[in-house]
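The values are calculated or read from the model by the stated rules, or taken from the named source; none is laboratory data. Quick caveat, the model's predicted, so the values are computed rather than measured. Counting neighbours? That spans all protein chains shown, and the Cβs are built from the backbone with ideal geometry, glycine included. The accessibility values were calculated without ligands, DNA or RNA, using every heavy atom of the protein model including side chains. Shrake-Rupley method; radii C 1.70, N 1.55, O 1.52, S 1.80 Å.
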Amino acid sequence: MSKQPKYQQVADALRREIDSGTYGPGSRLPSESELMVRFNASRNTVRSGLNLLVSQGLISSSQGLGYEVRKHEVFVLNASRFENLTFPQNGDAYSTDVTNAGRRPHQTFRVELTNAPEYIAERLKVDVGSRAVLRFCHRFVDDVPWSTQATHYPEWLIEQAPRLTEPGDIAEGTTRYLASLGIEQIGYADEISTRMPTPDEARLLEIGAGVPVLLWTRTGYSNEKPIRCTITTLRGDLNRMNYEIGDLSARDENEPQ
């Protein structure tokens, strides 16, 4: 006899059936009454098991509609190619990658002058509280919230690159815009971390309970100093990041024909 609590047994059994495809993405689970009969359990026990799966981001619940398996159409981002100036683009890097994947990009923008907080000032090597440009965008893939991106530029760039302060999109992407002015990003440092979302992040990204966010911080450098710091917050359930580093010709040669 299992030593696990009964609600945990209910959750584990349903999780196995979700993983095996018995209940695929978007499908509805049996009702609480049906699960009570199946597991010979009380409504509170069944509900506790279902709520555990909700908290883990596997299912969602709607008032009067029961429980549904969450859809997880993962978007794969090649982070080592993202913003590579030698890589062909149609628009900015985000629009290019999403379009090339056969999916539909959409984004909204907000631009403002701010004071650099400590974690941004440290990466841009400027004084804490010094003026900076914040370009914030809310990005979607196929109308599903995908990420938010906050890019901070140091004050000294404003005079040299005035379009940074203009509202709306820079069609070719800011990295290419800066390069056209002789301010070329020749390297970057990435930091990757995860945590649970803030209330604002959960709202903007429409994140269900129990789903973490992936934080991707990229600091870009010219040959003299940092030129920007970008913090991208991505839904942890709908994104995967890849990096390709070094000579990968052996991988391509060994791929089946």
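Kindly provide the set of residues from segment 166-191 that are polar (S, T, N, Q) and open to solvent by less than 60 Å² (accessible area, probe 1.4 Å), ordered by number.
The answer is Thr174, Thr175, Gln185.
Looking for something in a strand (DSSP E or B), out of contact with any helix residue (DSSP H, G or I) (no Cβ under 9 Å at 6 or more places or on another chain) and open to solvent by 80 Å² or more (accessible area, probe 1.4 Å) - is there at least one such residue anywhere in segment 203-225?
No, the conditions are met nowhere in segment 203-225.
Can you name every residue in segment 29-46 that is closer than 23 Å to Lys71 by Cβ and either free of Cβ contacts under 8 Å to residues at least 12 places away in the same chain or open to solvent by 60 Å² or more (accessible area, probe 1.4 Å) (or both)?
Listed by number, the residues that qualify are Pro30, Glu34.
Of all the helices (runs of 4 or more DSSP H) wholly in segment 82-184, which have at least 1 residues that are over 23 Å from Leu234 (Cα atoms) and of a type in the set (Gly, Ala, Ser)? Step through it out loud before you land on a result.
On the way: elements: 93-100, 118-124, 156-160, 174-180.
Qualifying helices (runs of 4 or more DSSP H): 174-180.
If you check every pair at least six apart or on different chains, which have Cβ atoms under 7 Å apart with a residue in segment 91-114 that is among the polar types (S, T, N, Q) first and a residue that is open to solvent by 30 Å² or more (accessible area, probe 1.4 Å) second?
Ser95/Pro105; Thr96/Gln89; Thr96/Asn90; Thr99/Asn90; Thr99/Pro105; Gln107/Phe140
Name every residue in segment 61-77 that is surrounded by 16 or more Cβ atoms within 10 Å (Cβ to Cβ) and under 30 Å from Thr219 (Cβ atoms), in order of residue number.
Matches in segment 61-77: Phe75, Leu77.
Pick from segment 10-28 the residues that are out of contact with any helix residue (DSSP H, G or I) (no Cβ under 7 Å at 6 or more places or on another chain) and either aliphatic (A, V, I, L, M) or assigned to a helix (DSSP H, G or I) (or both): which of them is surrounded by the most Cβ atoms within 10 Å (Cβ to Cβ)? Let's see the steps before the verdict.
Residues of segment 10-28 out of contact with any helix residue (DSSP H, G or I) (no Cβ under 7 Å at 6 or more places or on another chain): 12-13, 16-22, 24-28.
Filter once more, keeping what is either aliphatic (A, V, I, L, M) or assigned to a helix (DSSP H, G or I) (or both): 12-13, 16-20.
Values: Asp12: 15, Ala13: 14, Arg16: 10, Glu17: 13, Ile18: 19, Asp19: 10, Ser20: 9.
Only one residue tops the list, namely Ile18.
Answer yes or no: is there a residue in segment 167-189 that is at pLDDT 95 or above and of a type in the set (Ser, Thr, Tyr).
Looking for residues that are at pLDDT 95 or above and of a type in the set (Ser, Thr, Tyr), one finds none in segment 167-189, hence no.
Exactly one of (1) open to solvent by less than 60 Å² (accessible area, probe 1.4 Å); (2) in contact (Cβ under 8 Å) with a residue 12 or more places away in the chain is unmet by Thr194. Its number?
Among (1) open to solvent by less than 60 Å² (accessible area, probe 1.4 Å); (2) in contact (Cβ under 8 Å) with a residue 12 or more places away in the chain, Thr194 violates only (1).
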